[in-house]
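Report on the following structure.
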Amino acid sequence: MTALTALLAERIRRFGPMTFAEYMRECLYHPTFGYYSQPETQRFADYYTSVDVNPIFGRLLARQFAEMWTILGQPEEFHLVEAAAGSGRLAGQVLDFLETKLPTFYRAVRYVAVERSVARSEQLSARLGKHIAAGKCRSSLDVPPAIAVGCVFSNELLDALPVHRVVRRGSALQEIFVIGRGDGFAEMEAPVSTCAIEDYFTAQAVQLEDGQQAEVGLEACDWITEIGRRLGRGFVVTIDYGHEAADLFDAHHTAGTLMSYANHQASEDYYVAPGEQDLTAHVNFTPLRLWGARVGLQAIGLVSQTAFLLALGRANDFDDLYDDGMGEPEKVRARLQLKTLIYPEGMGERFHVMIQEKGQGPSRLTGLSPL
């Protein structure tokens, strides 16, 4: 049992079964016992992200942001908003590169590192101290309410937003709820908790097969809707693993995509250690496109992370891979790290980059260029 187990069990005892989205939200974001409320050192014991491999990831993103700034007319202030910035590792990569390699753009940047975890915000402030002191960066608990011009981006955020779980039984959808059982938890099926679940599938023209399970990302829909409302002019970049609906709900995913991660091991036991393991589901990019369009966000491209990074890197022969004064052994090591980043073992083409824009005609971005 974990500290969170007793709290969730008591909540179910008092108020009845809870949706899986509610359970997942508490497991990941409970202010005291949630997985993402802990210092980032815990994450390294469970999984790595692209940011951890090599600073080239942040450097290539910085190149793409600079191109966006140019397309938008090089405004005097360009708001670069990172959602779920964690301890500031990616922010540091981007800002350090801009300061040394793209100083004109750096002067225009107003970086907002959004992080709700107190522990991770403290790590972030320490890591980005010089940029904060220079007035180039600030931390925030939430995305700014109004972003005149800029880019909102996230890296492996949406896969960790809470999801509802459903299963089709005959002609009806049933939702999977979490109930208490003994010292742990179990599942039960009941009618869906909100009509928004049915609307989610209808909008995408998706019909599940009898017995097929699936995740419903209502919070991802709410998230992209709110970002579209807050952004005046600019871009939204979403980097995550997932697919469009046609692939995500096909015959290869009849049990859904939800997984738990702990100690670099994947599992389908979502209830073994609430608050002490990560819970993720593949991102459905189709509703991001559909719900984004309702608030003026036009999807201009969805490509694999491999294609995105290769296109940006090839634009300057991957020169950003190397630091000044690097010897040949260090360059070889950097090239090997790049290979790991671009061709992640076991992940294939599951990582994707979606770019949406608002208040601008269709833009041609280097990261979306065909290889």
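Looking across segment 135-154, the residues that are more than 23 Å from E67 (Cβ to Cβ) and open to solvent by 50 Å² or more (accessible area, probe 1.4 Å) come down to R138, S139, L141, D142, P145, A146. Take V303 and decide whether it is at pLDDT 85 or above, surrounded by fewer than 19 Cβ atoms within 10 Å (Cβ to Cβ) and not in a helix (DSSP H, G or I). For V303, the condition - at pLDDT 85 or above, surrounded by fewer than 19 Cβ atoms within 10 Å (Cβ to Cβ) and not in a helix (DSSP H, G or I) - is not met. Total residues in segment 218-235 satisfying the condition of being open to solvent by 60 Å² or more (accessible area, probe 1.4 Å) and more than 19 Å from V283 (Cβ to Cβ): the figure is 2.
Only one of the listed residues (A293, A311) is among the aliphatic types (A, V, I, L, M), open to solvent by 50 Å² or more (accessible area, probe 1.4 Å) and closer than 30 Å to G232 by Cβ. That residue is A293. Of all the numbered requirements in (1) at pLDDT below 95; (2) open to solvent by less than 60 Å² (accessible area, probe 1.4 Å); (3) over 25 Å from R63 (Cβ atoms); (4) not acidic (D, E), H264 misses one, and that requirement is (2).
Out of all the residues in segment 337-356, is one or more in a helix (DSSP H, G or I) and of a type in the set (S, T, Y)? Within segment 337-356 (the criterion being in a helix (DSSP H, G or I) and of a type in the set (S, T, Y)), the answer is yes, since at least one residue qualifies. If I filter segment 198-217 down to residues being aliphatic (A, V, I, L, M) and crowded, with 19+ Cβ neighbours inside 10 Å, which single residue comes out as nearest to V295 (Cα to Cα)? It comes out as V216. Residues that are in a loop (DSSP other than H, G, I, E, B) and closer than 11 Å to V114 by Cβ were ranked within segment 66-87; the one that is most open to solvent (accessible area, probe 1.4 Å) is A84.
Scanning segment 156-183 for residues being in contact with a helix residue (DSSP H, G or I) (Cβ under 9 Å, 6 or more places away or on another chain), open to solvent by 20 Å² or more (accessible area, probe 1.4 Å) and farther than 30 Å from A85 by Cα gives a total of 4. Each residue in segment 314-332 was checked for being under 25 Å from F235 (Cβ atoms), part of a loop (DSSP other than H, G, I, E, B) and open to solvent by 60 Å² or more (accessible area, probe 1.4 Å), and 1 of them qualify.
Kindly check whether there is at least one residue in segment 270-288 that is within 15 Å of the chain's Cα centre (by Cα), among the acidic types (D, E) and either surrounded by fewer than 21 Cβ atoms within 10 Å (Cβ to Cβ) or at pLDDT below 95 (or both). Looking for residues that are within 15 Å of the chain's Cα centre (by Cα), among the acidic types (D, E) and either surrounded by fewer than 21 Cβ atoms within 10 Å (Cβ to Cβ) or at pLDDT below 95 (or both), one finds at least one in segment 270-288, hence yes. Cβ contacts < 9 Å: first residue within 20 Å of G88 (Cα to Cα) and open to solvent by 80 Å² or more (accessible area, probe 1.4 Å), restricted to segment 24-38; second residue modelled with pLDDT under 95 and assigned to a loop (DSSP other than H, G, I, E, B), any location; separation 6+ or different chain. Result? Between residues of segment 24-38 that are within 20 Å of G88 (Cα to Cα) and open to solvent by 80 Å² or more (accessible area, probe 1.4 Å) and residues that are modelled with pLDDT under 95 and assigned to a loop (DSSP other than H, G, I, E, B), the close pairs are Y29/R116; Y29/S117; P31/R116; P31/S117. Across segment 55-78, the number of residues qualifying as of a type outside the set (S, T, N, Q) and within 30 Å of L336 (Cα to Cα) comes to 13. The residue pairs whose first member lies in segment 114-143 and is of a type in the set (D, E, K, R), whose second member is open to solvent by less than 50 Å² (accessible area, probe 1.4 Å) and in a loop (DSSP other than H, G, I, E, B), and whose beta carbons are closer than 7 Å, counting only pairs six or more residues apart or on different chains, are E115/A84; E115/A85; E115/G86; R120/E40; R120/G86; R120/S87; R127/S87; R127/G88. Scanning segment 105-133 for residues that are among the hydrophobic types (A, V, I, L, M, F, W, C) and open to solvent by less than 20 Å² (accessible area, probe 1.4 Å) yields a total of 8. For segment 206-221, the count of residues that are under 23 Å from the mean Cα position of the chain (by Cα) and over 21 Å from E26 (Cα atoms) is nonzero.
The values are calculated or read from the model by the stated rules, or taken from the named source; none is laboratory data. This structure is a prediction, so every number in the text was calculated from the model and none was measured. No Cβ is skipped: glycine too gets one built from the backbone with ideal geometry, and neighbour counts run over all protein chains shown. Note: accessible area is taken over every heavy atom of the protein model, side chains too, but ligands, DNA and RNA are not part of it. Shrake-Rupley method; radii C 1.70, N 1.55, O 1.52, S 1.80 Å.
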